[in-house]
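Participant: I'd like to ask some things about the structure below.
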Amino acid sequence: MLKCAGRLFCFVKMKKFFFAFLFFLFAKLYSLEVNHSVTHLWSDSSGSAFLYNWNLKDDWFVKNQNFYIGANISYLDSSVDYLKTSAVKGDFCAEYSNEFFGFHGDFGFFSTDAISIRADNIYSQQEILGFNGKIAIPFYINNFSIKPYFGFFSGETENGDFYWFYGNIKNPYLGQYGIQLTYKNHNLDGFFVAGKTFIFNNENSELVNIFGKLFVFTYKQSWKSEHTKFEPYIGGVFFYGDFSGAVTDKNQSYFLYPYKYYKMNGNINAFAVLNGIFFEYKKYNFCFSVDFNSVFFTTQAGIYDISWKYKRNLFFDGSVGSDSKKIDFLNLTGLISIDCKAEYSFLIKKVGLNIFFAKDFLIPFKISTNSSSRGGNKSSDNNKISEFILSWIFSGISGGISILL
(Lines give C-alpha, C1' and ligand atoms only; values in the text may rest on other atoms or scores of the structure.)
Protein backbone atom coordinates (compact mmCIF):
# COMPACT_ATOMS: atom_id res chain seq x y z
CA MET A 1 0.00 0.00 0.00
CA LEU A 2 2.79 2.41 0.92
CA LYS A 3 4.64 1.50 -2.27
CA CYS A 4 1.58 2.34 -4.41
CA ALA A 5 1.06 5.62 -2.53
CA GLY A 6 4.70 6.54 -3.09
CA ARG A 7 4.47 5.80 -6.81
CA LEU A 8 1.31 7.92 -7.04
CA PHE A 9 2.98 10.85 -5.24
CA CYS A 10 6.01 10.71 -7.56
CA PHE A 11 3.77 10.54 -10.61
CA VAL A 12 1.81 13.64 -9.54
CA LYS A 13 5.03 15.55 -8.81
CA MET A 14 6.46 14.57 -12.21
CA LYS A 15 3.29 15.71 -13.99
CA LYS A 16 3.45 19.12 -12.28
CA PHE A 17 7.11 19.52 -13.23
CA PHE A 18 6.43 18.40 -16.81
CA PHE A 19 3.65 20.91 -17.45
CA ALA A 20 5.59 23.70 -15.70
CA PHE A 21 8.57 22.97 -17.95
CA LEU A 22 6.38 23.06 -21.07
CA PHE A 23 4.89 26.39 -20.01
CA PHE A 24 8.35 27.90 -19.42
CA LEU A 25 9.65 26.52 -22.73
CA PHE A 26 6.83 27.86 -24.86
CA ALA A 27 6.66 31.19 -23.02
CA LYS A 28 10.18 31.96 -24.27
CA LEU A 29 9.23 31.57 -27.93
CA TYR A 30 8.49 34.38 -30.35
CA SER A 31 4.77 33.73 -30.64
CA LEU A 32 2.74 31.12 -28.86
CA GLU A 33 -0.62 29.69 -29.89
CA VAL A 34 -2.54 27.81 -27.21
CA ASN A 35 -5.66 25.79 -28.09
CA HIS A 36 -8.16 24.11 -25.82
CA SER A 37 -11.23 22.17 -26.92
CA VAL A 38 -13.83 19.85 -25.42
CA THR A 39 -15.68 17.26 -27.51
CA HIS A 40 -18.80 15.45 -26.38
CA LEU A 41 -18.35 12.02 -27.96
CA TRP A 42 -21.40 10.14 -26.69
CA SER A 43 -24.01 10.03 -23.91
CA ASP A 44 -26.75 7.56 -23.09
CA SER A 45 -28.43 6.06 -20.03
CA SER A 46 -25.20 4.28 -19.05
CA GLY A 47 -22.91 7.33 -18.97
CA SER A 48 -20.99 9.89 -21.04
CA ALA A 49 -17.77 10.15 -23.02
CA PHE A 50 -15.77 13.39 -23.36
CA LEU A 51 -12.49 14.18 -25.11
CA TYR A 52 -10.39 17.09 -23.79
CA ASN A 53 -7.59 18.47 -25.94
CA TRP A 54 -4.79 20.96 -25.26
CA ASN A 55 -2.47 22.09 -28.04
CA LEU A 56 0.55 24.43 -27.97
CA LYS A 57 2.48 25.42 -31.09
CA ASP A 58 4.86 28.04 -32.40
CA ASP A 59 6.69 28.73 -35.66
CA TRP A 60 9.15 31.40 -36.68
CA PHE A 61 11.29 32.34 -39.68
CA VAL A 62 15.01 33.16 -39.91
CA LYS A 63 15.82 34.33 -43.43
CA ASN A 64 14.76 31.40 -45.67
CA GLN A 65 14.50 28.94 -42.80
CA ASN A 66 11.33 27.89 -41.00
CA PHE A 67 11.17 26.40 -37.48
CA TYR A 68 8.16 24.82 -35.80
CA ILE A 69 7.57 23.08 -32.48
CA GLY A 70 4.33 21.80 -30.99
CA ALA A 71 2.81 19.71 -28.23
CA ASN A 72 -0.60 18.13 -27.94
CA ILE A 73 -2.22 16.47 -24.92
CA SER A 74 -5.56 14.63 -25.15
CA TYR A 75 -7.57 13.16 -22.29
CA LEU A 76 -10.42 10.71 -22.87
CA ASP A 77 -12.92 10.18 -20.06
CA SER A 78 -15.60 7.59 -20.91
CA SER A 79 -18.14 5.92 -18.63
CA VAL A 80 -20.54 4.59 -21.27
CA ASP A 81 -21.34 0.90 -21.14
CA TYR A 82 -19.59 0.16 -24.46
CA LEU A 83 -16.28 1.76 -23.41
CA LYS A 84 -15.06 2.56 -19.91
CA THR A 85 -11.66 4.20 -19.56
CA SER A 86 -9.67 7.28 -18.60
CA ALA A 87 -6.79 7.60 -21.06
CA VAL A 88 -4.06 10.15 -21.84
CA LYS A 89 -2.41 10.66 -25.26
CA GLY A 90 0.55 13.00 -25.75
CA ASP A 91 2.38 14.08 -28.92
CA PHE A 92 5.41 16.35 -29.31
CA CYS A 93 6.90 17.41 -32.62
CA ALA A 94 9.57 19.63 -34.18
CA GLU A 95 10.07 20.73 -37.79
CA TYR A 96 12.72 22.52 -39.76
CA SER A 97 12.70 23.49 -43.46
CA ASN A 98 14.57 25.66 -45.94
CA GLU A 99 14.28 26.06 -49.70
CA PHE A 100 16.04 22.71 -50.39
CA PHE A 101 15.06 20.21 -47.69
CA GLY A 102 13.45 19.81 -44.30
CA PHE A 103 13.11 17.59 -41.25
CA HIS A 104 10.08 16.50 -39.28
CA GLY A 105 10.18 14.44 -36.10
CA ASP A 106 7.55 13.64 -33.51
CA PHE A 107 7.18 11.37 -30.53
CA GLY A 108 4.05 10.32 -28.64
CA PHE A 109 2.72 8.12 -25.89
CA PHE A 110 -0.58 6.57 -24.81
CA SER A 111 -1.36 5.54 -21.24
CA THR A 112 -4.33 4.31 -19.25
CA ASP A 113 -4.89 2.25 -16.12
CA ALA A 114 -7.67 0.16 -17.69
CA ILE A 115 -9.99 -0.17 -20.68
CA SER A 116 -13.22 -2.15 -20.63
CA ILE A 117 -15.14 -2.82 -23.86
CA ARG A 118 -18.59 -4.39 -24.04
CA ALA A 119 -19.48 -6.16 -27.30
CA ASP A 120 -21.87 -9.00 -26.44
CA ASN A 121 -19.40 -9.85 -23.68
CA ILE A 122 -17.00 -7.72 -21.63
CA TYR A 123 -13.31 -7.55 -22.62
CA SER A 124 -10.80 -5.64 -20.53
CA GLN A 125 -7.10 -4.74 -20.44
CA GLN A 126 -5.15 -3.06 -17.63
CA GLU A 127 -2.00 -0.92 -17.37
CA ILE A 128 -1.80 -0.05 -21.07
CA LEU A 129 1.25 1.87 -22.26
CA GLY A 130 2.23 2.62 -25.85
CA PHE A 131 4.80 4.73 -27.71
CA ASN A 132 4.86 6.04 -31.26
CA GLY A 133 7.21 8.12 -33.40
CA LYS A 134 7.65 9.43 -36.92
CA ILE A 135 10.53 10.89 -38.92
CA ALA A 136 10.19 12.56 -42.33
CA ILE A 137 12.81 14.27 -44.54
CA PRO A 138 11.24 16.25 -47.42
CA PHE A 139 13.26 17.55 -50.40
CA TYR A 140 12.17 20.55 -52.50
CA ILE A 141 12.88 21.22 -56.19
CA ASN A 142 10.97 24.24 -57.46
CA ASN A 143 7.26 23.24 -57.43
CA PHE A 144 8.02 19.60 -56.69
CA SER A 145 8.64 17.96 -53.31
CA ILE A 146 9.34 14.39 -52.26
CA LYS A 147 8.96 13.33 -48.64
CA PRO A 148 9.95 9.83 -47.50
CA TYR A 149 8.89 9.03 -43.96
CA PHE A 150 9.13 6.31 -41.36
CA GLY A 151 6.98 5.65 -38.30
CA PHE A 152 6.70 3.08 -35.54
CA PHE A 153 4.44 2.01 -32.69
CA SER A 154 5.09 -0.20 -29.69
CA GLY A 155 2.78 -1.02 -26.79
CA GLU A 156 1.75 -3.57 -24.20
CA THR A 157 -0.66 -4.29 -21.36
CA GLU A 158 0.02 -5.88 -17.98
CA ASN A 159 -2.97 -8.23 -17.77
CA GLY A 160 -6.39 -8.65 -19.29
CA ASP A 161 -9.58 -10.62 -19.61
CA PHE A 162 -10.87 -11.73 -23.04
CA TYR A 163 -14.00 -13.27 -21.45
CA TRP A 164 -13.16 -16.75 -22.81
CA PHE A 165 -9.66 -16.68 -21.34
CA TYR A 166 -7.18 -14.47 -19.49
CA GLY A 167 -4.48 -12.74 -21.55
CA ASN A 168 -2.56 -9.53 -22.14
CA ILE A 169 -1.52 -7.86 -25.41
CA LYS A 170 2.02 -7.06 -26.53
CA ASN A 171 2.88 -5.24 -29.73
CA PRO A 172 6.70 -5.11 -29.77
CA TYR A 173 6.97 -3.26 -33.09
CA LEU A 174 4.68 -1.94 -35.80
CA GLY A 175 6.46 -0.16 -38.65
CA GLN A 176 5.17 2.38 -41.17
CA TYR A 177 7.11 3.16 -44.37
CA GLY A 178 5.82 5.73 -46.83
CA ILE A 179 6.50 8.43 -49.39
CA GLN A 180 4.61 11.59 -50.30
CA LEU A 181 4.94 13.34 -53.66
CA THR A 182 3.68 16.89 -54.25
CA TYR A 183 3.64 18.91 -57.45
CA LYS A 184 1.91 22.29 -57.37
CA ASN A 185 -1.65 21.44 -56.23
CA HIS A 186 -1.32 17.65 -56.70
CA ASN A 187 -0.49 15.34 -53.79
CA LEU A 188 0.13 11.59 -53.94
CA ASP A 189 0.72 9.68 -50.71
CA GLY A 190 1.30 5.97 -50.14
CA PHE A 191 2.52 3.93 -47.19
CA PHE A 192 2.89 0.36 -45.95
CA VAL A 193 2.37 -0.86 -42.38
CA ALA A 194 3.37 -4.28 -41.03
CA GLY A 195 3.90 -5.87 -37.66
CA LYS A 196 3.07 -8.65 -35.23
CA THR A 197 0.86 -8.62 -32.16
CA PHE A 198 0.95 -11.28 -29.46
CA ILE A 199 -1.43 -12.30 -26.69
CA PHE A 200 0.25 -13.82 -23.63
CA ASN A 201 -1.19 -15.28 -20.46
CA ASN A 202 -0.33 -13.80 -17.06
CA GLU A 203 2.75 -16.05 -16.88
CA ASN A 204 4.06 -14.69 -20.25
CA SER A 205 3.35 -17.86 -22.23
CA GLU A 206 2.23 -17.15 -25.80
CA LEU A 207 -1.45 -17.83 -26.53
CA VAL A 208 -2.13 -16.12 -29.87
CA ASN A 209 0.02 -14.43 -32.52
CA ILE A 210 -1.39 -12.08 -35.14
CA PHE A 211 0.42 -10.80 -38.25
CA GLY A 212 -0.93 -8.06 -40.49
CA LYS A 213 -0.03 -5.96 -43.55
CA LEU A 214 -1.72 -2.70 -44.52
CA PHE A 215 -1.30 -0.73 -47.78
CA VAL A 216 -2.79 2.78 -48.12
CA PHE A 217 -2.62 5.22 -51.04
CA THR A 218 -4.39 8.56 -51.62
CA TYR A 219 -4.46 11.23 -54.30
CA LYS A 220 -5.52 14.79 -53.42
CA GLN A 221 -5.86 18.10 -55.24
CA SER A 222 -5.95 21.56 -53.68
CA TRP A 223 -7.75 24.57 -55.12
CA LYS A 224 -7.63 28.00 -53.51
CA SER A 225 -9.16 31.39 -54.20
CA GLU A 226 -9.37 34.59 -52.21
CA HIS A 227 -11.99 33.30 -49.80
CA THR A 228 -12.33 29.57 -50.43
CA LYS A 229 -10.32 26.37 -50.31
CA PHE A 230 -11.35 23.14 -52.00
CA GLU A 231 -9.50 19.81 -51.48
CA PRO A 232 -11.03 16.58 -52.90
CA TYR A 233 -9.23 13.23 -52.53
CA ILE A 234 -9.63 9.56 -53.39
CA GLY A 235 -7.73 6.50 -52.24
CA GLY A 236 -7.71 2.87 -51.32
CA VAL A 237 -6.79 0.55 -48.45
CA PHE A 238 -5.77 -3.11 -48.65
CA PHE A 239 -5.31 -5.26 -45.56
CA TYR A 240 -4.19 -8.85 -45.07
CA GLY A 241 -3.66 -10.69 -41.82
CA ASP A 242 -3.50 -14.14 -40.29
CA PHE A 243 -3.64 -15.49 -36.76
CA SER A 244 -3.15 -18.72 -34.84
CA GLY A 245 -3.13 -19.76 -31.22
CA ALA A 246 -4.22 -22.14 -28.52
CA VAL A 247 -5.86 -21.92 -25.09
CA THR A 248 -5.03 -25.17 -23.31
CA ASP A 249 -4.92 -26.67 -19.83
CA LYS A 250 -1.19 -25.89 -19.81
CA ASN A 251 -1.41 -22.11 -20.39
CA GLN A 252 -4.75 -21.51 -18.61
CA SER A 253 -4.35 -23.63 -15.49
CA TYR A 254 -7.33 -22.42 -13.47
CA PHE A 255 -9.54 -24.78 -11.49
CA LEU A 256 -12.92 -23.78 -12.95
CA TYR A 257 -12.13 -21.21 -15.62
CA PRO A 258 -11.91 -21.47 -18.53
CA TYR A 259 -14.19 -24.47 -18.95
CA LYS A 260 -13.48 -24.78 -22.68
CA TYR A 261 -10.12 -25.00 -24.50
CA TYR A 262 -9.43 -23.93 -28.09
CA LYS A 263 -6.98 -24.30 -30.95
CA MET A 264 -7.50 -21.83 -33.77
CA ASN A 265 -6.06 -20.44 -36.97
CA GLY A 266 -7.44 -18.18 -39.66
CA ASN A 267 -6.92 -15.25 -42.01
CA ILE A 268 -8.69 -12.07 -43.04
CA ASN A 269 -8.35 -9.67 -45.98
CA ALA A 270 -10.14 -6.50 -47.03
CA PHE A 271 -10.12 -3.73 -49.63
CA ALA A 272 -11.72 -0.35 -48.94
CA VAL A 273 -12.24 2.77 -51.02
CA LEU A 274 -11.46 6.16 -49.46
CA ASN A 275 -13.17 9.31 -50.68
CA GLY A 276 -13.56 12.80 -49.28
CA ILE A 277 -13.51 16.53 -49.75
CA PHE A 278 -12.55 19.52 -47.63
CA PHE A 279 -14.24 22.88 -48.18
CA GLU A 280 -13.42 26.13 -46.40
CA TYR A 281 -14.86 29.63 -46.73
CA LYS A 282 -13.07 32.48 -45.00
CA LYS A 283 -13.95 36.15 -45.04
CA TYR A 284 -12.88 38.87 -42.62
CA ASN A 285 -12.85 37.27 -39.14
CA PHE A 286 -15.26 34.42 -39.92
CA CYS A 287 -14.40 30.95 -41.22
CA PHE A 288 -16.65 28.02 -42.00
CA SER A 289 -15.44 24.58 -43.10
CA VAL A 290 -16.87 21.18 -43.98
CA ASP A 291 -14.61 18.11 -43.88
CA PHE A 292 -16.27 15.12 -45.57
CA ASN A 293 -14.60 11.70 -45.34
CA SER A 294 -15.81 8.22 -46.20
CA VAL A 295 -14.56 4.65 -46.22
CA PHE A 296 -16.37 1.75 -47.91
CA PHE A 297 -15.29 -1.90 -47.77
CA THR A 298 -15.95 -3.20 -51.27
CA THR A 299 -14.70 -6.65 -50.26
CA GLN A 300 -13.88 -8.20 -46.89
CA ALA A 301 -13.43 -11.91 -46.44
CA GLY A 302 -11.80 -14.35 -44.11
CA ILE A 303 -12.18 -17.70 -42.43
CA TYR A 304 -11.18 -19.33 -39.18
CA ASP A 305 -10.95 -22.98 -38.12
CA ILE A 306 -11.30 -23.82 -34.47
CA SER A 307 -11.24 -27.06 -32.49
CA TRP A 308 -12.50 -27.09 -28.93
CA LYS A 309 -12.67 -29.34 -25.90
CA TYR A 310 -14.62 -29.04 -22.65
CA LYS A 311 -13.01 -29.80 -19.31
CA ARG A 312 -13.79 -33.17 -17.80
CA ASN A 313 -15.04 -32.70 -14.25
CA LEU A 314 -18.24 -32.61 -12.20
CA PHE A 315 -19.76 -29.87 -14.41
CA PHE A 316 -18.47 -30.67 -17.93
CA ASP A 317 -18.25 -33.94 -19.86
CA GLY A 318 -14.97 -33.45 -21.76
CA SER A 319 -16.67 -33.47 -25.18
CA VAL A 320 -14.78 -32.24 -28.25
CA GLY A 321 -15.75 -30.59 -31.52
CA SER A 322 -14.68 -28.24 -34.29
CA ASP A 323 -16.05 -25.28 -36.25
CA SER A 324 -15.17 -23.40 -39.41
CA LYS A 325 -16.75 -20.00 -40.00
CA LYS A 326 -16.45 -17.02 -42.31
CA ILE A 327 -15.18 -13.61 -41.17
CA ASP A 328 -17.02 -11.09 -43.34
CA PHE A 329 -18.67 -8.67 -40.91
CA LEU A 330 -17.17 -5.63 -42.73
CA ASN A 331 -18.09 -6.72 -46.24
CA LEU A 332 -20.09 -4.00 -48.08
CA THR A 333 -20.12 -1.75 -45.01
CA GLY A 334 -18.96 1.85 -44.78
CA LEU A 335 -18.67 4.93 -42.61
CA ILE A 336 -19.25 8.59 -43.51
CA SER A 337 -17.89 11.44 -41.41
CA ILE A 338 -19.07 15.04 -41.94
CA ASP A 339 -17.29 17.54 -39.69
CA CYS A 340 -18.79 21.05 -39.79
CA LYS A 341 -16.86 23.82 -38.07
CA ALA A 342 -17.48 27.56 -37.58
CA GLU A 343 -14.73 29.90 -36.29
CA TYR A 344 -14.55 33.56 -35.39
CA SER A 345 -11.30 35.48 -34.72
CA PHE A 346 -10.79 38.83 -33.02
CA LEU A 347 -8.17 40.87 -31.12
CA ILE A 348 -8.16 42.01 -27.48
CA LYS A 349 -5.20 44.20 -26.56
CA LYS A 350 -2.92 42.64 -29.21
CA VAL A 351 -3.89 39.13 -28.13
CA GLY A 352 -5.52 37.10 -30.88
CA LEU A 353 -8.51 34.99 -29.92
CA ASN A 354 -10.27 32.35 -31.97
CA ILE A 355 -13.52 30.73 -30.83
CA PHE A 356 -14.93 27.73 -32.66
CA PHE A 357 -17.92 25.41 -32.56
CA ALA A 358 -18.05 22.10 -34.44
CA LYS A 359 -20.29 19.09 -34.99
CA ASP A 360 -19.14 15.77 -36.45
CA PHE A 361 -21.80 13.56 -38.02
CA LEU A 362 -20.86 9.87 -38.16
CA ILE A 363 -23.08 7.81 -40.47
CA PRO A 364 -22.46 4.04 -40.71
CA PHE A 365 -24.12 2.17 -43.56
CA LYS A 366 -24.27 -1.28 -45.11
CA ILE A 367 -25.35 -2.55 -48.52
CA SER A 368 -27.47 -5.57 -47.64
CA THR A 369 -27.71 -8.64 -49.87
CA ASN A 370 -30.31 -10.31 -47.63
CA SER A 371 -33.95 -9.28 -48.05
CA SER A 372 -35.30 -11.29 -45.11
CA SER A 373 -36.83 -9.41 -42.19
CA ARG A 374 -36.46 -10.14 -38.52
CA GLY A 375 -39.17 -9.96 -35.91
CA GLY A 376 -38.87 -8.80 -32.35
CA ASN A 377 -40.30 -6.69 -29.59
CA LYS A 378 -41.28 -3.54 -31.49
CA SER A 379 -41.83 -1.45 -28.35
CA SER A 380 -38.40 -2.33 -26.97
CA ASP A 381 -36.76 -1.75 -30.36
CA ASN A 382 -38.44 1.66 -30.71
CA ASN A 383 -37.19 2.73 -27.27
CA LYS A 384 -33.64 1.69 -28.14
CA ILE A 385 -33.81 3.47 -31.50
CA SER A 386 -35.14 6.66 -29.87
CA GLU A 387 -32.34 6.65 -27.29
CA PHE A 388 -29.74 6.00 -29.98
CA ILE A 389 -31.00 8.84 -32.22
CA LEU A 390 -31.01 11.30 -29.29
CA SER A 391 -27.46 10.27 -28.31
CA TRP A 392 -26.31 10.50 -31.94
CA ILE A 393 -27.73 14.03 -32.38
CA PHE A 394 -25.73 15.37 -29.43
CA SER A 395 -22.57 13.33 -30.10
CA GLY A 396 -19.49 14.76 -31.77
CA ILE A 397 -20.20 18.32 -30.59
CA SER A 398 -17.08 20.27 -29.70
CA GLY A 399 -16.16 23.81 -28.75
CA GLY A 400 -12.90 25.51 -28.02
CA ILE A 401 -10.74 28.59 -27.94
CA SER A 402 -7.31 29.47 -29.33
CA ILE A 403 -5.08 32.21 -27.91
CA LEU A 404 -2.28 33.70 -30.00
CA LEU A 405 0.25 35.58 -27.84
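The values are calculated or read from the model by the stated rules, or taken from the named source; none is laboratory data. As the structure is a prediction and not an experimental result, all values here were calculated from the model. Glycine also receives a Cβ, built like all others from the backbone with ideal geometry; neighbour counts cover every protein chain displayed. For the accessible areas, the whole protein counts, side chains as well, though only heavy atoms, and no ligand, DNA or RNA atoms are used. Shrake-Rupley method; radii C 1.70, N 1.55, O 1.52, S 1.80 Å.
Participant: Angle, helix 2-27 long axis vs. longest principal axis of the chain, Cα atoms, 0 to 90°, nearest 10?
Facilitator: 20
Participant: Kindly provide the helix-only [θ] at 222 nm of the chain, computed as the sum of -39,500 (n - 2.57) over DSSP H runs of four or more divided by all residues, to the nearest 500 deg cm²/dmol?
Facilitator: Rounded to the nearest 500, the figure is -3500 deg cm²/dmol.
Participant: Would you mind calculating the relative contact order of segment 102-164 from Cα pairs under 8 angstrom and at least 6 residues apart, reporting the percent as a whole number?
Facilitator: Worked out over segment 102-164, it gives 36 percent.
Participant: Just to confirm, what accessible area per residue do you get for the chain at 1.4 Å probe, in whole Å²?
Facilitator: Ligands and nucleic acids excluded, the result is 63 Å² per residue.
Participant: At 0.36 nm per residue, minus the direct Cα-Cα distance, what do ASN293 and ASP59 gain on full extension? Give it in nm, one decimal, please.
Facilitator: Between ASN293 and ASP59, full extension yields 81.3 nm more.
Participant: Calculate what fraction, in whole %, of the accessible area of segment 64-110 sits on carbon and sulfur atoms when a 1.4 Å probe is rolled over the protein chains.
Facilitator: The nonpolar share, carbon plus sulfur, comes to 64 percent.
Participant: Another one. May I ask for the angle, rounded to the nearest 10°, between helix 378-393 and the longest principal axis of the chain, with both axes built from Cα atoms and the value confined to 0 to 90°?
Facilitator: 30
Participant: While we're here: Which values, in whole Å and largest first, are the semi-axes of the equivalent ellipsoid of the chain obtained as the square root of 5 times each eigenvalue of the Cα gyration tensor?
Facilitator: 42, 27, 25
Participant: Can you list which of the trypsin sites (Lys or Arg not before Pro) found in segment 312-363 are DSSP loop residues with at most 13 other C-beta atoms within 10 Å?
Facilitator: Filter output for segment 312-363: LYS349, LYS350.
Participant: Distance check, please: which entries in LYS134/LYS224; LYS84/LYS283; LYS263/LYS384; LYS311/LYS366; LYS282/LYS350; LYS196/LYS224 exceed 32 angstrom between their Cα atoms?
Facilitator: LYS84/LYS283; LYS263/LYS384; LYS311/LYS366; LYS196/LYS224
Participant: Right, next: Cα convex hull of segment 34-106: how many Å³ per residue?
Facilitator: 86
Participant: Sequence gap at least 6, Cα distance under 8 Å: using those rules, report the relative contact order of the chain to the nearest whole percent.
Facilitator: With pairs under 8 Å counted, the relative contact order is 10 percent.
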